[in-house]
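Worksheet for the structure shown next.
The values are calculated or read from the model by the stated rules, or taken from the named source; none is laboratory data. Treat the numbers as computed from the prediction; the structure is a model and nothing was measured. As a convention, Cβ positions derive from the backbone with ideal geometry for all residues, glycine included, and neighbour counts pool all protein chains shown. In case anyone asks, the SASA skips ligands and DNA or RNA and just uses the protein heavy atoms, side chains included. Shrake-Rupley method; radii C 1.70, N 1.55, O 1.52, S 1.80 Å.
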Amino acid sequence: MTTGSGKIKNILILEDVRQSREWLAGIVARIFEAPHIVKEATVRGAEHACQRDRFDLALVDLSLPDGEGTTLLRRLQAEQPDCMCVVTTVMAADSAIVSALAAGAQGYLLKSDPQEMLEHHLRLLLTGIPPLSPQIARRIMHHFQLTGPNFEPGVKLTKRETEVLRQIARGLRVSEVAQDFGLAESTVITHIKSVYRKLEISNRAEAAIHASRLGLLTDDFETE
């Protein structure tokens, strides 16, 4: 079987709950012809798998015992850009959706959906259509209705604060942001505190939403 971009032969499943992991494996085994399925329960295990194999499809949970699935999404986007990454999670908050899409997710499915619906959306991969649960599609549409081009930020961030906001919204750690910009971690933390104070936010999820509203997560965003 093929997708719009090629055959699906190698599939990675990152899911910490064994029953859910086996459930997803059973579904993709039925949909795709005798795929090679690698099942991992941790981000570290999935990253090691990516060092060994190249994948055509990755089903990625977002909340894992040793980190966030967005870490794997970013790695696959950078190292295996042909891999179709689909989030499979119970998290339907706007912040989770925005963070996952910014990290490279090309589909977003809720495990709470009926199995028939989930299978239907995964089969859409065969025609090159990104799979989205209806609830997620509605939330994305609602999000962009609220955060369209008419959005006008009420506060002014400095150029460096804007750059730091973009990086933390993409899920980078403080140490990674510091390395990217050649700054001390304490300086990055100071910028983050300033951004949070100006935007009146208190966590990365809210930072991701604001970054999306400001258009910082698009590919054509330029830092000059």
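Of all residues in region 101-111, count the ones that are open to solvent by 30 Å² or more (accessible area, probe 1.4 Å) and either under 18 Å from residue 208 (Cα atoms) or not in a loop (DSSP other than H, G, I, E, B) (or both).
2
Which residue pairs have Cβ atoms closer than 7 Å, lie 6 or more positions apart in sequence or on different chains, and pair a first residue in region 176-195 that is free of Cβ contacts under 8 Å to residues at least 60 places away in the same chain with a second residue that is assigned to a helix (DSSP H, G or I) and open to solvent by 70 Å² or more (accessible area, probe 1.4 Å)?
From residues that are free of Cβ contacts under 8 Å to residues at least 60 places away in the same chain, the pairs are 178/185; 191/160.
May I ask you to list the residues in region 178-194 that are in contact with a helix residue (DSSP H, G or I) (Cβ under 9 Å, 6 or more places away or on another chain), part of a loop (DSSP other than H, G, I, E, B) and small (Gly, Ala, Ser)?
Correct list: 184 only.
Would you please name the residue that is modelled with the lowest pLDDT, looking only at residues in region 143-172 that are surrounded by 17 or more Cβ atoms within 10 Å (Cβ to Cβ) and either touching a Cys at 6+ places or on another chain (Cβ under 9 Å) or of a type in the set (A, V, I, L, M, F, W, C) (or both)?
The residue in question is 172.
Please specify each residue of region 78-93 satisfying the condition of being over 21 Å from residue 174 (Cβ atoms) and either among the small types (Gly, Ala, Ser) or in a helix (DSSP H, G or I) (or both).
Hits for region 78-93 are 79, 92, 93.
In region 112-142, how many are out of contact with any strand residue (DSSP E or B) (no Cβ under 8 Å at 6 or more places or on another chain), of a type in the set (A, V, I, L, M, F, W, C) and either closer than 22 Å to residue 95 by Cα or open to solvent by 50 Å² or more (accessible area, probe 1.4 Å) (or both)?
Going through region 112-142 one residue at a time, the tally reaches 4.
When you scan region 15-62, how many residues do you find that are in a strand (DSSP E or B) and over 18 Å from residue 89 (Cβ atoms)?
3
Which of the residues belonging to region 68-77 are closer than 17 Å to residue 90 by Cα and either open to solvent by 40 Å² or more (accessible area, probe 1.4 Å) or more than 13 Å from the chain's Cα centre (by Cα) (or both)?
Matches in region 68-77: 68 only.
Against the condition farther than 20 Å from residue 122 by Cβ, touching a residue at least 40 places away in the same chain (Cβ under 8 Å) and in a helix (DSSP H, G or I), how does residue 98 come out, does it pass?
Numbers: farther than 20 Å from residue 122 by Cβ: yes; touching a residue at least 40 places away in the same chain (Cβ under 8 Å): yes; in a helix (DSSP H, G or I): yes.
Judged against the criteria, residue 98 is a match.
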